[in-house]
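The values are calculated or read from the model by the stated rules, or taken from the named source; none is laboratory data. Quick caveat, the model's predicted, so the values are computed rather than measured. Backbone-built Cβ (ideal geometry, glycine too); neighbour counts: all protein chains shown. Accessible surface is based on the protein model in full, side chains and every heavy atom, while ligands, DNA and RNA are left aside. Shrake-Rupley method; radii C 1.70, N 1.55, O 1.52, S 1.80 Å.
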Amino acid sequence: MDSKSEIRESASCESAQRELLKSTGIIGSSQLLIMALNVVKTKIFSYLLGAEGIGLIGLYTSLLDLVRSFSSLGIHISGVRYIAEKNKEGEEQGRDRMIGVFRRWTWFSAFLGAFICFFGALPLSRYVFGSESHAVGIRVLSIALFLTALSGGQTAILQALRQVTSLALTNLCAAFASFGISVALAWYFGMEGIVPILLSFSVLLFCSGWYFVRQAYRESSEVRFTLREVLTEGIPMVRLGFLTILTGIATTGSVFIVKGFISHESDLVTVGVFQAAWGISNLYLGMILNAMGTDLYPRLSEVNRDPEKLSAVVDSQLTLGILIVTPLLMLLMAFAPVAIPLLYSGEFTAGVSLLRWFMLAFFLRSISWTMSYVLLSKAMSVTYITIEGLWYVLYFGVSFLLYDSYGIDAFGIGSFVAYGGYTVVLWGTMKRIGCIISSATLRLAATFSLLISLAFLLNYFCSGGVAWLLNCTLTTATFLLTFHRLRSVIDLRGVFAKIKDKFRKRGS
């Protein structure tokens, strides 16, 4: 490769990194606002509705999620891939046609979910609540399920078209509007307002999504379909979507199996400790990966047939993911004894060691996660499900084998080993399909993996003041290195200067 080609490739990577960083910032900040709003709303609900009301909301929500996970056919995820692949210059007609097919399958999945919820209300009520007393509420919420399925289709279209700002505003508008309405319903109706609360949110989310999709895209009146065309063109989408459902069920099922195993071998307190460490790793840190994936998935789908462009996007995301995730992992690694009591309570400090193992595993997860999206973007369904299966074999095999010796830490060790094998296999798969990761990114990964490994070993073998001092040193070094690398991607001084100017203008 000549010097001009190297310069062009470097400029392309930096441009992709800036765009990915921008989209991650938009989605991440909106999710943080929504999470903060939900925390406040939960506090208010706990006062107005009590523990019984919070529990009833949780049961209704879990029921709707369960039905939707099966009735959606997974097309809200797979549809992003097929629409984004057509969303490039010269393929507007193909894009419009794919969106049309996707919308018709979305309507079908919405009707299917509402049908199951409405006509299966009695057995669902008996299964979830132990009686038929909530069957009427479930039938009413079939409307909520119908609207939520349509909303999922709207957000999938926005994601596929890479309308990141509109996607963030869709969720923000619905969250803020529903906050006032749901609090008013809870205050006025109490427990009787729970079903209207859930219904009102689905209505607001649908209206918000409908508005922003209309702003971003108008369906062409020239596109026409026969029923046979909708079925044949939508089958690949459903096939890939079905695999995402399987992996989602496997993830939920694995957590259920682990909790049951711990409960059987130990007690509910130990289950709670596992839940605390797992929750921090998968819920709080997982939010970062979800934010990054919002723009990454459609971007990969657009270039999935071009190995050079695909490699550039993967390389950019790997670099950005390492730079964003590692400093947070270092903080949690160092201050786990403070983080767990802060987020939960002092009863959960037994999970500190487990959380640190999860941090090691999450570093590998942040790398392998990007590569796994490549398989989805190329619709390599058999390869994807095979490699996912490898992760579960390694995880359960190592965890159960080591449990007698290491207790619940065995599940952290199992997660680390599983993601290690998973990452190696995915890396080999990337090379096989022509997706090349640059030596610069590999060096960055090696450097940060060394830092987080040192932090883990330090906390494993040391304690007291020396450990705190060395933790602060390593964490500071990681942040400085991250700051230095991010400066090559984005003009941080310029960003801070703009923020400073805005505050000055407001002050004056």
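Can residue 287 be described as open to solvent by less than 10 Å² (accessible area, probe 1.4 Å), in a helix (DSSP H, G or I), within 29 Å of residue 257 (Cα to Cα) and out of contact with any strand residue (DSSP E or B) (no Cβ under 6 Å at 6 or more places or on another chain)? No; evaluated as a whole, the condition is false for this residue. Name every residue in the stretch 177-198 that is touching a Leu at 6+ places or on another chain (Cβ under 7 Å) and open to solvent by 40 Å² or more (accessible area, probe 1.4 Å), in order of residue number. Result: 177, 179, 187, 191, 196. Here is a check on your reading of the model: is residue 174 in contact (Cβ under 8 Å) with a residue 40 or more places away in the chain, of a type in the set (A, V, I, L, M, F, W, C) and touching a Ser or Thr at 6+ places or on another chain (Cβ under 9 Å)? For residue 174, the condition - in contact (Cβ under 8 Å) with a residue 40 or more places away in the chain, of a type in the set (A, V, I, L, M, F, W, C) and touching a Ser or Thr at 6+ places or on another chain (Cβ under 9 Å) - is not met. Scanning the stretch 441-472 for residues that are of a type outside the set (Phe, Trp, Tyr), under 20 Å from residue 352 (Cβ atoms) and in a helix (DSSP H, G or I) yields a count of 16. If you check 356, 299 for being open to solvent by 10 Å² or more (accessible area, probe 1.4 Å), within 21 Å of residue 414 (Cα to Cα) and assigned to a helix (DSSP H, G or I), only one passes: 356. Residues in the stretch 448-467 that are in contact (Cβ under 8 Å) with a residue 12 or more places away in the chain and open to solvent by 60 Å² or more (accessible area, probe 1.4 Å): 454, 460.
Taking residue 270 as the residue in question, decide whether it is crowded, with 17+ Cβ neighbours inside 10 Å and either part of a helix (DSSP H, G or I) or within 17 Å of the chain's Cα centre (by Cα) (or both). When the stated conditions are applied, residue 270 passes them.
Quick one: in the stretch 165-221, which of the residues that are out of contact with any helix residue (DSSP H, G or I) (no Cβ under 8 Å at 6 or more places or on another chain) and not in a helix (DSSP H, G or I) is modelled with the lowest pLDDT? Here the answer is 221. Do we find a residue being touching a residue at least 40 places away in the same chain (Cβ under 8 Å) and either closer than 30 Å to residue 87 by Cα or of a type in the set (D, E, K, R) (or both) anywhere in the stretch 258-267? Yes, because at least one residue in the stretch 258-267 is touching a residue at least 40 places away in the same chain (Cβ under 8 Å) and either closer than 30 Å to residue 87 by Cα or of a type in the set (D, E, K, R) (or both). Examine the stretch 73-96 for a residue that is surrounded by 12 or more Cβ atoms within 10 Å (Cβ to Cβ), modelled with pLDDT of 80 or more, under 21 Å from residue 163 (Cα atoms) and hydroxyl-bearing (Ser, Thr, Tyr), and state whether such a residue exists. Yes, the stretch 73-96 contains a residue that is surrounded by 12 or more Cβ atoms within 10 Å (Cβ to Cβ), modelled with pLDDT of 80 or more, under 21 Å from residue 163 (Cα atoms) and hydroxyl-bearing (Ser, Thr, Tyr). Within the set 146, 111, the sole residue that is open to solvent by 10 Å² or more (accessible area, probe 1.4 Å), at pLDDT 90 or above, touching a Gly at 6+ places or on another chain (Cβ under 8 Å) and in a helix (DSSP H, G or I) turns out to be 146. Kindly indicate whether any position in the stretch 339-351 is open to solvent by less than 10 Å² (accessible area, probe 1.4 Å) and out of contact with any Phe, Trp or Tyr (no Cβ under 9 Å at 6 or more places or on another chain). Looking through the stretch 339-351, none of the residues is open to solvent by less than 10 Å² (accessible area, probe 1.4 Å) and out of contact with any Phe, Trp or Tyr (no Cβ under 9 Å at 6 or more places or on another chain). Scanning the stretch 260-288 for residues that are modelled with pLDDT of 75 or more and either on the phi > 0 side of the Ramachandran plot or acidic (Asp, Glu) (or both) gives a single hit, 265. Applying a threshold of 6 Å to beta carbon distances and a minimum spacing of six or more residues, or different chains, the list of pairs starting in the stretch 422-445 at a residue that is without any contact (Cβ under 8 Å) to a residue 60 or more places away in the chain and ending at one that is open to solvent by less than 60 Å² (accessible area, probe 1.4 Å) reads 422/368; 422/391; 423/364; 423/367; 423/368; 425/387; 426/368; 426/371. For the stretch 365-424, the set of residues classified as among the hydroxyl-bearing types (Ser, Thr, Tyr), open to solvent by less than 30 Å² (accessible area, probe 1.4 Å) and either closer than 19 Å to residue 264 by Cβ or touching a Cys at 6+ places or on another chain (Cβ under 9 Å) (or both) consists of 395, 399, 403, listed by residue number. In this structure, does residue 373 turn out to be at pLDDT below 90, part of a helix (DSSP H, G or I) and not β-branched (Val, Ile, Thr)? When the stated conditions are applied, residue 373 passes them.
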